[in-house]
Amino acid sequence: MEPHASSTTPTAWTRKHLLGLEDLTREEIVAILDTADSFAEISQRSRKKVPALQGRIVFNLFFENSTRTRTSFSLAAKRLSADTQDFTASSSSLSKGETFIDTARNIEAMGADLMVVRHATPGAPHLLAQHVNCSIINAGDGAHEHPTQGLLDLMTIRRAKGKIDGLTVALVGDISHSRVARSNIWGLTKLGARVILCGPPTLVPRSMERLGCEVAYHLDEVLPHCDVVNVLRIQFERQAKALFPSVSEYSQLYGMTQARVLKGKDNLLVLAPGPINRGVELTPEVADGPNSAILDQVTNGLAVRMAVLYLLSGKMDSKATGGDSSTERDA
Ligand code: CP
């Protein structure tokens, strides 16, 4: 199987883990997107399964709930012929006092080649990468990063617009609690997009400008500049106290309505990582309308996760541990 349609080759990939987009170079991000495009083509064929990860074991370790990410990783691993196993934290021996690291080391002792980890604590996947020998993929760590969501958002924009360089993308909503926002910021800025963060001041700290983006508080002023709007969920579960007066006031000021879609550039692309709060961050009319790419994002997520698993599979036996710094590359 040779999934690459572009000049990027699998041998260009040197990393054992995918912990965040902050660590990746522009070239590495493009390599994943090119590989994902090839897997998207394979997914259109009648025979969708390829033997790339035959004999490998992929464990999903989710310490937070998930619909899209866990299912998508499971399906991606199956399409690559890996054996997959879900670990359910709530029914595990964590309740008897077993530590996070001991749990992971026991799972590794069962032969895991790769662990897909979601945890409420920022840095949890990075910690595991220092204590186990198998590959680690960050499937969301607190408000820090969600790299495969960032990648599938990039893929969706690139396929819809034909490019990312030069586009203006607004990330709207609860930026300060959003791991999706951070992965989008790293990925979009590395690929040359202008990124505007927009929401209430309590959810969009001015200090985030240091990440290479602009900060704005009036969505209606931002929209005429936008090619893409990525509408982020209000993360009520991560807010210790109310950070805006009411949900209805938030919706009036920042909710994507059809009238607001028309304020954007022609063919404004509307993304939302899901789960969506219909009527809060966007109206059902927008969520289900012609500008929405919400379900394309989910479809592309499968191809992105196949690409990441495929690229990491070449490095699963490497002895490198810890983060993904260049010192760990063996190229
Ligand atoms: N977008 C996303 O990560 O969705 P899940 O929480 O359902 O995985």
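Can you find a residue in the range 3-11 that is away from the ligand (no atom under 16 Å from the Cβ), out of contact with any Cys (no Cβ under 7 Å at 6 or more places or on another chain) and at pLDDT 90 or above? First the steps, then the outcome.
Keep residues of the range 3-11 that are away from the ligand (no atom under 16 Å from the Cβ), which gives 3-11.
Imposing the further condition that a residue be out of contact with any Cys (no Cβ under 7 Å at 6 or more places or on another chain) reduces the set to 3-11.
Applying the additional criterion that residues be at pLDDT 90 or above yields none.
Within the range 3-11, none of the residues are away from the ligand (no atom under 16 Å from the Cβ), out of contact with any Cys (no Cβ under 7 Å at 6 or more places or on another chain) and at pLDDT 90 or above.
With the range 225-300 as the region, which helices (runs of 4 or more DSSP H) entirely inside it contain at least 3 residues that are over 25 Å from the mean Cα position of the chain (by Cα) and free of Cβ contacts under 8 Å to residues at least 12 places away in the same chain?
Numbers: elements: 247-254, 258-261, 284-287.
Filter on the range 225-300 gives 247-254.
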Those residues of the range 264-288 which are away from the ligand (no atom under 16 Å from the Cβ), of a type in the set (G, A, S) and open to solvent by 20 Å² or more (accessible area, probe 1.4 Å) amount to G279
Filter the range 57-73 for residues that are within 18 Å of M110 (Cα to Cα) and within 13 Å of the ligand (Cβ to nearest atom); which is surrounded by the fewest Cβ atoms within 10 Å (Cβ to Cβ)?
-> F62
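What about M306, is it among the hydrophobic types (A, V, I, L, M, F, W, C), modelled with pLDDT under 95 and under 29 Å from R79 (Cα atoms)? Lay out the reasoning, then the answer.
Numbers: among the hydrophobic types (A, V, I, L, M, F, W, C): yes; modelled with pLDDT under 95: no; under 29 Å from R79 (Cα atoms): yes.
So M306 fails the test.
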Can you tell me how many residues in the range 148-195 are without any contact (Cβ under 8 Å) to a residue 60 or more places away in the chain, small (G, A, S) and touching a Leu at 6+ places or on another chain (Cβ under 7 Å)?
-> 4
Can you confirm whether the range 123-132 contains a residue that is open to solvent by 10 Å² or more (accessible area, probe 1.4 Å), away from the ligand (no atom under 15 Å from the Cβ), closer than 29 Å to L191 by Cβ and in a loop (DSSP other than H, G, I, E, B)?
-> yes
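The values are calculated or read from the model by the stated rules, or taken from the named source; none is laboratory data. Just so you know, these numbers come straight off a predicted model, no measurement behind them. Virtual Cβ from ideal backbone geometry, glycine too; neighbours counted across all protein chains shown. Just the protein is used for accessible areas: all its heavy atoms, side chains included, with ligands, DNA and RNA removed. Shrake-Rupley method; radii C 1.70, N 1.55, O 1.52, S 1.80 Å.
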